[in-house]
Ligand SMILES: O=C(O)CCC(=O)C(=O)O
Ligand SMILES: [Fe+2]
């Protein structure tokens, strides 16, 4: 039993090898497509290495950045409040408790910091001290994740026979790519009197895809097969692997053929929440991307929400200014 989790509560996700995917392996592409259709979540095996510039080094550097950043006094962090700094919540600090939590009557139990990877805000970015130290790591990491996003988009576009002009990959990157962020997260230790807690509420990610790293368990994915009700399965950390989530944009563009995974963070069964760090690259469409199915022939320009307005709507929901079925994404 992995860390006290019964085997039937552990998610069994596809494992896709990045090198094989980049080499055009049919088997790797098939695994990816299966995962996109069935779970909207999978492990991506990445050769991490430990030499300068390797993914292993970048990942270790970003964990160090998280620890140093979140150790700063709350007053200093609050000077960089995400809701004050950035209209689209792409840069700045979110304190614990600003969002709803995962159990009735509770608030969230994590702080986070968004670093914009997009070109629009680059010049305006606020880099608190520790992040300035690790700036190169963050920039390198975002470009690695962008390569990952591109190859996954290519495979999924090919699966749906999308024409080049409206392929998933055509809707990311370039000077219009302003919404991509790296999110650093820190979960506080749970109180001893609350054995089971859900510090991050069930949600889907609002963008196209997320590349997520954490060495500490707690991530859960909803498995609705059968009863149609949420059954929560733990997504255990796996050596040399990131977890990839497909987000709402992918599900919308593919007309539901690809799923956006519903996930949350919880403590282990019968345990308090341990201190936990995680970080993720959240790849989002360019601001001019049409937010409608791409599979039904030519896209009609009129009456279609563009990503720019779509992002604003999603955040109005999250902050409780508008009712939403499922809370998405959690800057
Ligand atoms: O901390 C985690 O493992 C999950 C983070 C997450 O789901 C998010 O930031 O959207
Ligand atoms: Fe998420």
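The values are calculated or read from the model by the stated rules, or taken from the named source; none is laboratory data. What you are looking at is a predicted structure, and each value in this text was computed from that prediction instead of being measured. Positions of Cβ are generated from backbone atoms using ideal geometry, with glycine treated the same way; all protein chains shown enter the neighbour counts.
Results for (1) surrounded by 14 or more Cβ atoms within 10 Å (Cβ to Cβ); (2) closer than 21 Å to residue 97 by Cα; (3) at pLDDT 90 or above; (4) touching a strand residue (DSSP E or B) at 6+ places or on another chain (Cβ under 8 Å), shown as yes or no for each residue.
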residue	(1), (2), (3), (4)
252	yes, no, yes, no
265	yes, yes, yes, yes
279	yes, yes, yes, yes
298	no, no, no, no
302	no, no, no, no
318	yes, yes, no, yes
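The set of residues from region 9-45 being in a helix (DSSP H, G or I) and under 18 Å from residue 218 (Cβ atoms) comprises just one member, 9. Under the condition of being closer than 14 Å to residue 21 by Cβ and crowded, with 17+ Cβ neighbours inside 10 Å, the residues counted in region 158-171 number 2.
Note on region 197-210: among residues that are in a loop (DSSP other than H, G, I, E, B) and in contact with a helix residue (DSSP H, G or I) (Cβ under 6 Å, 6 or more places away or on another chain), the one that is surrounded by the fewest Cβ atoms within 10 Å (Cβ to Cβ) is 206.
All of 313, 275 fail the test of being surrounded by fewer than 23 Cβ atoms within 10 Å (Cβ to Cβ) and more than 20 Å from residue 63 (Cα to Cα), apart from 313. Considering (1) more than 10 Å from ligand 1 (Cβ to nearest atom); (2) outside any strand (DSSP E or B); (3) touching a helix residue (DSSP H, G or I) at 6+ places or on another chain (Cβ under 7 Å), the lone condition that residue 229 does not fulfil carries the number (3).
All told, residue 202 meets the bar of being within 11 Å of ligand 1 (Cβ to nearest atom) and at pLDDT 90 or above.
For residue 59, the conditions (1) within 18 Å of residue 206 (Cα to Cα); (2) at pLDDT 90 or above; (3) in a helix (DSSP H, G or I) are fulfilled apart from (1).
Per-residue answers, yes or no, for (1) at pLDDT 90 or above; (2) closer than 25 Å to residue 264 by Cα; (3) not in a loop (DSSP other than H, G, I, E, B):
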| site | (1), (2), (3) |
| --- | --- |
| 98 | no, yes, no |
| 115 | yes, yes, yes |
| 124 | no, no, no |
| 132 | no, no, yes |
| 140 | yes, no, yes |
| 146 | yes, yes, yes |
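Restricting attention to region 185-196, the residues that are assigned to a loop (DSSP other than H, G, I, E, B) and under 21 Å from the mean Cα position of the chain (by Cα) total 1.
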